[in-house]
Amino acid sequence: MIRFAGVACLARIATAAALAATALAASGAGIAPADRRSGYAMMAPETRRMQDDDAENPGMLWVLDGRPLWTARPAPDAASCAECHGDAETSMKGVAARYPAFDDGAGHPVDLAQRINRCRVLRQRQAPWAGESRELLALEAYVALQSRGVPIAIDAGPRMQPYLRDGRAEFERRRGQLNLACSQCHEDRWGLHLGGSVIPQAHPTAYPIYRLEWQSVGSLRRRLRGCMIAVRSEPYDAEAPQMIDLELYLAWRARGMTFEAPGVRP
């Protein structure tokens, strides 16, 4: 029997457990490790086959665009990514699985797209790429590909704790006219159906992803803003610190899961 959780029903679900003021313990939140499922596991077989076959995965078109961006100089007097970092297949292996990460220069965590743009501005002396631009997503996808198959391993050390706590608060905070929290769908009701879609656990194992709905590759920030709009909430600006905190917490929830970018989703 297909289980169903409609928007009207979800709007009446009560949230669970207040946020602890102490540091997050490794087993203190989220879905139990044995019960964690990538969104991949909840997709139709034909969509899984699309992700599994690099010749059929549309996200690989962005990867192909990202490879020359890695090796080309953006200007005659600017070094390429490869000139600083070498062969991406070696130097970038595991990197995407560790983001968001603390950036010493910025003084706070940044996600992979922000790290790429910071290198572009500070090292290459070029204007940053616009969020969701083809160039930024392409280079991010190319770098992310090098971590395919690597376990997600987010730094949860002392300096990251305030940002993890804030991200967890964002995940558990009700928002919008529907008065829903992320946790109410993605922890309390995962596996149910919302309309024709299965509710996933919200583990960011495959970003940047190609969504069939978008007919394009997009970032986790784009997906989060889409969820905020869906519950009739004013979304944060894509570069807002609350967005990065939420990304960080979601990645921490997925610790130990296999990184699989570029993913394909419905």
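What to note about this one:
- For Ala202, the shell of other residues with beta-carbons less than 13 Å away shows a net charge of +2, using +1 for Lys and Arg and -1 for Asp and Glu.
- Spin-label pair Asp104-Leu122: with each label point 7 Å from Cα along the Cα-Cβ axis, the two points sit 0.9 nm from one another.
- Amide H contacts of Ala181 (H built 1.01 Å from N, under 5 Å, at least 5 apart or other chain): Arg175
- Point-charge dipole on Cβ atoms (K/R +1, D/E -1) for the stretch 57-213, about Cα centre, debye to 20: 140
- Dipole of the chain computed with +1 at Lys/Arg Cβ and -1 at Asp/Glu Cβ about the Cα centre; of Ser233, Leu69, Ser38, farthest Cα towards the positive end is Ser233.
- A Gaussian network model of the chain, with springs between Cα atoms under 10 Å, assigns the largest mean-square fluctuation among His85, His108, His203 to His85.
- Here the Gaussian network model covers the chain, with springs between Cα atoms less than 10 Å apart; of Leu64, Leu136, Leu248, Leu64 fluctuates the most.
- Dipole magnitude of the chain about its Cα centre (Cβ charges: Lys, Arg +1; Asp, Glu -1), debye to nearest 20: 600
- Folded to 0 to 90 degrees: helix 241-253 orientation relative to the chain principal axis, Cα: 80
- CD proxy at 222 nm, helix term only [per DSSP H run n ≥ 4: -39500 (n - 2.57); per residue of the chain; nearest 500]: -10500 deg cm²/dmol
- Given +1 at the Cβ of Lys and Arg, -1 at the Cβ of Asp and Glu and no other charges, the dipole of the stretch 180-247 around its Cα centre is 240 debye to the nearest 20.
- Highest mobility in the GNM of the chain, judged by mean-square fluctuation with C-alpha springs under 10 Å and restricted to Ala75, Ala34, Ala130, is found for Ala34.
- Backbone N under 19 Å from the Leu61 label point (7 Å along Cα→Cβ), restricted to the stretch 145-179: 145
- Between the helical axis of 59-71 and the longest alpha-carbon principal axis of the chain there is an angle of about 30 degrees.
- Along the chain, longest interval not containing exposed trypsin sites (Lys or Arg not before Pro), exposed being DSSP loop plus at most 10 other Cβ atoms within 10 Å: 13-266
- Looking at the chain alone, DSSP beta bridges between its own residues are antiparallel in about 70 percent of cases.
We did not get these values from a lab; they are worked out from the coordinates using the rules stated. These numbers were taken from a predicted model, which means no experiment stands behind them. Cβ atoms come from the backbone with ideal geometry, glycine included; neighbour counts cover every protein chain shown.
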